[in-house]
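> Could you have a look at this structure, given as structure tokens, before my questions?
The values are calculated or read from the model by the stated rules, or taken from the named source; none is laboratory data. Please read these numbers as outputs of a predicted model, since none were measured by experiment. Heads up, the Cβs are rebuilt from the backbone with ideal geometry, glycines too, and the neighbour counts pull from every protein chain shown. Heavy atoms of the whole protein, side chains included, go into the accessibility calculation; ligands, DNA and RNA do not. Shrake-Rupley method; radii C 1.70, N 1.55, O 1.52, S 1.80 Å.
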Amino acid sequence: MDHFHRIEYHRRLPDGAMELAHTEEVVDHGWYIRKGDDWRRRYTVECAYDFMNRAGTKPGLYAISVWRGENRVCTTTVRWQPLKDEELPSPELRSLM
């Protein structure tokens, strides 16, 4: 089964416009190991924290959308501040990434 996803990170600018800051392509089935929108949002946020920390993403408000082909899997919002090592995703969620 194909688990290719595109994750788009749009940063809200001071004037309210949204700017595409990053795009990440992943092969990951984590959005489907549990059912429901709450899980998909939680998993998206955990993946985003991991990626944004590694990418050196600027602080700010981001809309994060996950796509599988032309189908949107999830969109959520994150107010990003760079993380310290002890704040990275839990070992349980990291094992699923």
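> Which of the residues spanning segment 29-52 are assigned to a loop (DSSP other than H, G, I, E, B) and touching a Leu at 6+ places or on another chain (Cβ under 9 Å)? Steps first, please.
Here is the first cut: in segment 29-52, the residues assigned to a loop (DSSP other than H, G, I, E, B) are 29, 33-36.
Passing the criteria: H29, I33.
> Okay, next question. Tell me which of these V26 doesn't satisfy, since it passes every other one: (1) in contact with a Cys (Cβ under 9 Å, 6 or more places away or on another chain); (2) part of a helix (DSSP H, G or I).
(2)
> Of the numbered conditions (1) at positive phi; (2) at pLDDT 95 or above, S65 fails exactly one; give the number of that condition.
Tallying (1) at positive phi; (2) at pLDDT 95 or above, S65 fails exactly one: (1).
> Pick out the one residue from T23, T44 that is open to solvent by less than 60 Å² (accessible area, probe 1.4 Å) and modelled with pLDDT of 90 or more. Let's see the steps before the verdict.
On the way: T23 fails: open to solvent by less than 60 Å² (accessible area, probe 1.4 Å).
After ruling out the rest, the residue left standing is T44.
> Something else about it: Taking segment 2-59 only, how many residues are charged (D, E, K, R) and touching an Asp or Glu at 6+ places or on another chain (Cβ under 9 Å)?
Taking segment 2-59 as the starting set, the residues that turn out to be charged (D, E, K, R) are 2, 6, 8, 11-12, 15, 19, 24-25, 28, 34-35, 37-38, 40-42, 46, 50, 54, 58.
If we keep only those that are touching an Asp or Glu at 6+ places or on another chain (Cβ under 9 Å) too, we end up with 6, 8, 11-12, 24.
Summing the residues that are charged (D, E, K, R) and touching an Asp or Glu at 6+ places or on another chain (Cβ under 9 Å) in segment 2-59 gives 5.
> Out of W39, W31, W67, which single residue is in contact with a Lys or Arg (Cβ under 6 Å, 6 or more places away or on another chain), without any contact (Cβ under 8 Å) to a residue 60 or more places away in the chain and either open to solvent by 80 Å² or more (accessible area, probe 1.4 Å) or closer than 20 Å to H3 by Cα (or both)? Steps first, answer last, please.
Numbers: W39 fails: in contact with a Lys or Arg (Cβ under 6 Å, 6 or more places away or on another chain); W67 fails: without any contact (Cβ under 8 Å) to a residue 60 or more places away in the chain.
On inspection, the qualifying residue turns out to be W31.
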